[in-house]
Amino acid sequence: MMKRFNLLRRFGPKCGARTKWDGHPCQNHAMANGRCFRHGGRTPSGDAWHQTAWPDPASPNAEAKLHRKLRDRERAAKRRAARLAKMTPEERAAHEAWHRARKPGSAAQRAVAKRERQDAEAFREAIEAPPPPLSPERAMLRRRIEELQAKLAEIRKHEDLFE
């Protein structure tokens with residue numbers, strides 16, 4: 001089985017990513033996404049790309065895999081805490097500002113939230129903006145409406161006298 005795989009492997013799809021040292025296409029065996037494990041084949045994708053993928057409880061050695069992932073997370077948290085402790089107050093402020101500007105969630109969710117913020121800002125600006133100046137035609141119509149409303153009020157005043 002393995003001999004057959006190795007014989008056919010050279011005919012399978014290749015990665016194709018450009019290598020750094022000579023600029024030629026990478027000749028490693030491509031994974032399902034078209035890249036080798038060094039050039040993005042292992043990069044997770046989707047909405048939960050940044051979350052730990054927990055092992056399936058039915059898989060062999062599931063408990064060992066779970067403990068390894070938990071140790072890795074704990075080790076990463078310690079490294080992150082040490083890195084944050086070494087930062088100067090200015091670096092820490094810049095770091096926190098960077099994280100505030102990049103909220104978690106999928107790209108689609110972030111795009112929707114950004115569009116809603118832009119719409120809300122445009123609406124706020126439209127409400128706070130002074131009304132546009134009246135054109136001469138609109139000003140004339142406004143005066144005519146006021147004249148007619150005054151006439152109507154006078155007519156109604158006289159109607160009360162006759163009832």
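The values are calculated or read from the model by the stated rules, or taken from the named source; none is laboratory data. The structure displayed is predicted, hence computed values, not measured ones. When we count neighbours, we look across all protein chains shown, and the Cβ atoms used for this are built from the backbone with ideal geometry, even at glycine. Keep in mind that these areas ignore ligands, DNA and RNA; they rest on the heavy atoms of the full protein, side chains included. Shrake-Rupley method; radii C 1.70, N 1.55, O 1.52, S 1.80 Å.
Worth a mention:
- Here the 3J(HN,Hα) profile of segment 107-118, calculated from phi with Karplus coefficients 6.51, -1.76 and 1.60 at θ = phi - 60°, is 4, 5, 5, 5, 5, 5, 5, 5, 5, 5, 5, 5 Hz, Gly and Pro shown as x.
- Of M87, M1, the order by accessible heavy-atom surface (1.4 Å probe, DNA, RNA and ligands excluded), from most exposed downward, is M1, M87.
- Amide H contacts of K14 (H built 1.01 Å from N, in plane; Pro and chain starts excluded): A30 sit under 5 Å, all sequence-distant by 5 or more or on other chains.
- Lys-Lys pairs in segment 61-129 that are eight or more residues apart or on separate chains and whose Cα atoms lie under 22 Å of each other come to 4.
- Structure-derived Rg and Dmax of the Cα atoms in Å - corresponding label in (i) 14.2, 41; (ii) 34.4, 113; (iii) 20.8, 68: (ii)
- Of the trypsin sites (Lys or Arg not before Pro) found in segment 1-100, the ones in coil according to DSSP and having at most 15 other Cβ atoms within 10 Å of their Cβ are R10, K20, R38, R42.
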